[in-house]
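The values are calculated or read from the model by the stated rules, or taken from the named source; none is laboratory data. Keep in mind that what you see is a predicted model, and the values were worked out from it rather than measured. Quick reminder, even Gly has a Cβ in these numbers, built from the backbone with ideal geometry, and neighbours come from all protein chains shown.
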Amino acid sequence: METRLEKVVLVGPVYPYKGGIAHYTSLLYTALAKKYRTRLVSYKFQYPGFLYKKEQKDYENDSFRIEGTDYWIHTANPVNWFQVASRLKRMAADLIIIEWWHPYFAPCYWVLTKLLRGQKILFLCHNVFPHERFLLDRTLTKMVLKQGDCFIVQSGKDAKDLEGILPGARYEQAVHPTYNAFQFEHMSGQEARDRLGFDEKTKLLLFFGFVREYKGLRHLIEAMPEIEKACPNTKLLVVGDFGGEEQKQSYLKLIEERGMGPYVDIHDGYIPDREVEKFFAACDLVVLPYESATQSGIVQIAYGFEKPVVVTEVGGLPDVVTDGKTGYVVEARNPGLLADAVKRYFMEGKAAEFEENVRKEAYRFSWERMVERVERLWG
């Protein structure tokens with residue numbers, strides 16, 4: 001007799017933890033809970049200080065809070081893993097969804113999944129392998145993921161990586177859904193610009209998120225002189241945590257060398273959820289000049305504000321951007337092509353057309369569609 005999917009347990013980070021994956025967990029839980037009895041299990045301890053030196057939690061920023069979350073998992077305490085496995089078994093879930101993005105979690109998740117043998121486990125892979133690779137990442141990843149029954153990946157690159165370590169794995173490839181939950185005030189573009197000190201004539205580019213070398217901000221800074229020359233009164237907003245003063249100074253030096261000081265506005269530091277809206281509402285175009293990637297929640301935040309994007313042809317970014325319709329896809333590590341895309345957008349007046357195209361693709365990036373992927377894997 002065929003059973004129905006009724007009870008789901010979702011395992012991953014959520015408020016008060018910071019970051020895009022915590023936001024993702026909250027929105028996925030909300031979508032699942034509309035159809036199924038859903039429990040959310042998160043961490044009471046996520047990363048040790050040596051791995052993540054900054055504050056991991058933000059209790060004041062509770063926009064993505066999920067009431068009733070069970071904060072059970074201590075990722076560095078083996079005794080805890082046995083306790084959590086026992087609790088999960090008692091939940092008698094039809095499906096356990098575990099979010100995966102970094103091999104740091106391998107020991108914890110390997111023990112949990114071994115102890116949960118006999119229960120159906122779906123690994124939702126934000127990345128199969130980490131952005132910044134290291135010696136044992138492949139071995140650790142395979143060790144854990146082979147305990148899963150099925151998988152969701154969010155880019156063609158991740159699909160290929162999964163097949164490379166688990167040939168014949170049962171998976172669905174789903175695009176990263178849209179983060180459409182940051183519009184707390186529904187402010188207009190002009191209101192957002194007023195708050196940031198820009199007038200309506202300024203052309204605003206936005207680079208948003210943690211500043212890491214692989215995200216290619218240097219290439220965008222290199223492109224700025226050509227952009228500003230062709231499209232006067234263009235400014236670049238760099239909004240996010242630089243991860244340290246030394247790294248920040250290296251970017252400031254590059255900005256000064258290129259004579260772009262008056263054209264680059266930096267907002268360094270973690271951006272609380274309720275502060276995100278003004279940056280996306282104010283900008284004309286979001287730029288992701290990444291050197292490598294699997295996928296990125298930044299594109300999906302942009303789409304949530306109906307903003308077009310310029311991305312590089314790496315990882316899963318081309319999967320979510322329709323070149324020439326919802327933005328542009330260009331070669332990575334090429335400031336000239338970045339500049340050409342931005343110039344084309346402004347000089348050809350693409351704003352209204354691209355924004356309409358983003359709206360038309362809303363269902364493709366909906367959380368309901370992600371739930372459909374889960375249901376297909378269950379069935």
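Number of residues in region 190-223 that are out of contact with any strand residue (DSSP E or B) (no Cβ under 8 Å at 6 or more places or on another chain) and either over 17 Å from Leu337 (Cβ atoms) or free of Cβ contacts under 8 Å to residues at least 24 places away in the same chain (or both): the value is 12.
Pairs meeting the criteria (first residue in region 61-77 and under 12 Å from Tyr15 (Cβ atoms), second residue exposed (fewer than 14 other Cβ atoms within 10 Å of the Cβ), beta carbons under 6 Å, at least 6 apart or on different chains) are Asn61/Pro272; Tyr71/Lys44. The residue that is surrounded by the most Cβ atoms within 10 Å (Cβ to Cβ), among those in region 265-283 that are hydrophobic (A, V, I, L, M, F, W, C) and in contact with a Lys or Arg (Cβ under 7 Å, 6 or more places away or on another chain), is Cys283. Considering Val329, Val299, the condition of being outside any strand (DSSP E or B), touching a helix residue (DSSP H, G or I) at 6+ places or on another chain (Cβ under 6 Å) and hydrophobic (A, V, I, L, M, F, W, C) is satisfied by Val299 alone. The numbered conditions (1) within 25 Å of Arg274 (Cα to Cα); (2) in contact with a strand residue (DSSP E or B) (Cβ under 8 Å, 6 or more places away or on another chain) are all true for Gly297 except (2). Taken over region 197-229, the criterion of being modelled with pLDDT of 95 or more, in a helix (DSSP H, G or I) and either surrounded by fewer than 19 Cβ atoms within 10 Å (Cβ to Cβ) or not assigned by TED's automatic domain parsing to the domain that holds Gly349 (or both) is satisfied by Arg218, Pro225, Glu226, Lys229. Please work out which residue is modelled with the lowest pLDDT, limiting yourself to region 132-163 and to residues that are among the basic types (Lys, Arg) and outside any helix (DSSP H, G or I). Within region 132-163, the match that is modelled with the lowest pLDDT is Arg133. Could you go through region 89-105 and let me know if any residue there is buried (at least 20 other Cβ atoms within 10 Å of the Cβ), out of contact with any Leu (no Cβ under 7 Å at 6 or more places or on another chain) and over 30 Å from Tyr290 (Cα atoms). Yes, region 89-105 contains at least one residue that is buried (at least 20 other Cβ atoms within 10 Å of the Cβ), out of contact with any Leu (no Cβ under 7 Å at 6 or more places or on another chain) and over 30 Å from Tyr290 (Cα atoms).
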